[in-house]
Amino acid sequence: MTDQVAAPTSAAQPKSAPNPVRRWTMIILVLCIVIFVYSLFSDRLAPYTPQGVVQAYVVGVAPEVGGRIVEVAVKDNDLVKAGQPLFRIDRDSYEIAVQQAEARLAGVGQSVGASTAAVASAEAKLAEAMAARDNVNEQAWRVLELVKKGTYAKARADQANAQIKAAAAGVQQAEAELEKARQNLGPQGADNPQIREAMAALAQARLDLVRTDVLAPADGLVTNLQLTIGQYAAPGQALMSFIDIGDVWVNADFRENSLELVAPGARAEIVFDALPGRVFPASVESVGWGVARSGQTGPTAEMPTIHNQSGWVRDPQRFAVRLQVGTDKVPPNIRYNSQANVIVYADDNPITSAIGWLWIRLVSVLTYVI
């Protein structure tokens, strides 16, 4: 009998190949979970926002006396130094007022038998000393604020304090000379109401004459220039805007759920849209405690207004964080209200700090094209 080999009832089934769609779906899902978990921590440990804006003190420059403009010493967008002349008002009427006040004082002095020439001279010196002191104090105050923030070296504070003392000493010396001149009038002249009234009028006339020269209050930029020769300037009417470049900061709007660990002194980094590819050190100066909401009236209307840009259905509230740029001088091409990207290292976590460090540098490169 011939042996017969039984044929297999079914062919061997090959193993199925892995589904690439399923594999990539799982990879993407895992990445999304990792990114989501990281965002929960990074939002508190290293919060980032593209809503940063360069800020500075902007004041309207207005004369304290009125008159016709006879000289404009600056042009729009000029960079000026503290104490540099900005414009000048016609002095003729104010010089006449000084002469009238001097004549009145002399006439009153003659009527009481006193000499007033020395008083008139002392009044002029005191008016000049007071104007110089006010200008020095305003400049020195700004320097001291910047020293306090660490922007300027402490040696600048010593110089500023020395200038304040010198200006105050100049006023004291002028006051002493005026008092000496008044005493020389004699008891009857010094206490005479007419003499005192005439001396006060002369002092005011001298001060108004000094105020016809309008000077720059600090180092800064002139913008929105609204005057020309021949134009009449009214007291208190702003004729130009002045941007103080001595104190520039960045206001960054962070979501309120990112502010838990953000505190003054925290290290930060800034990328300015005007300077792509560069990252600047910074530090948190303060965190805002309130914002205005739409429709509110009353005192809350004076609160900062925050514009959300996230695009979510429910936009979280944002609060302004004020940051000081950690450089001695304002970076070039940084203009008022220009855009900035900000990251704050609220906690020295090595992982989130490293990822944040890489992210802000990626943003600095992307600003070349975005």
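Laboratory data are not the source of any read-out in this text; all were calculated from the coordinates shown. Because the structure is a prediction, the values reported are computed rather than measured. Reconstructed Cβ throughout: ideal geometry from the backbone, glycine too, with neighbour counts over all protein chains shown.
Quick notes on this structure:
- Highest average first, the peptides 218-226, 99-107 ordered by how many other beta carbon atoms sit within 10 Å of their residues are 218-226, 99-107.
- On the basis of the beta-carbon distance and an R0 of 22 Å, Gln204 and Ala162 show a calculated FRET efficiency of 0.10.
- The stretch between Val330 and Asn137 holds 67.2 nm of extra length on full extension. This uses 0.36 nm per residue minus the Cα-Cα distance.
- Here the stretch 193-279 is treated with +1 on each Lys and Arg Cβ and -1 on each Asp and Glu Cβ, and its dipole about the Cα centre works out to around 320 debye.
- Packing around the peptides 229-235, 120-126, 91-97, taken as the average count of other Cβ atoms within 10 Å per residue, puts them in this order, highest first: 120-126, 91-97, 229-235.
- Label-point separation in nm, Val59 to Lys154, each point 7 Å along Cα→Cβ: 2.9 nm
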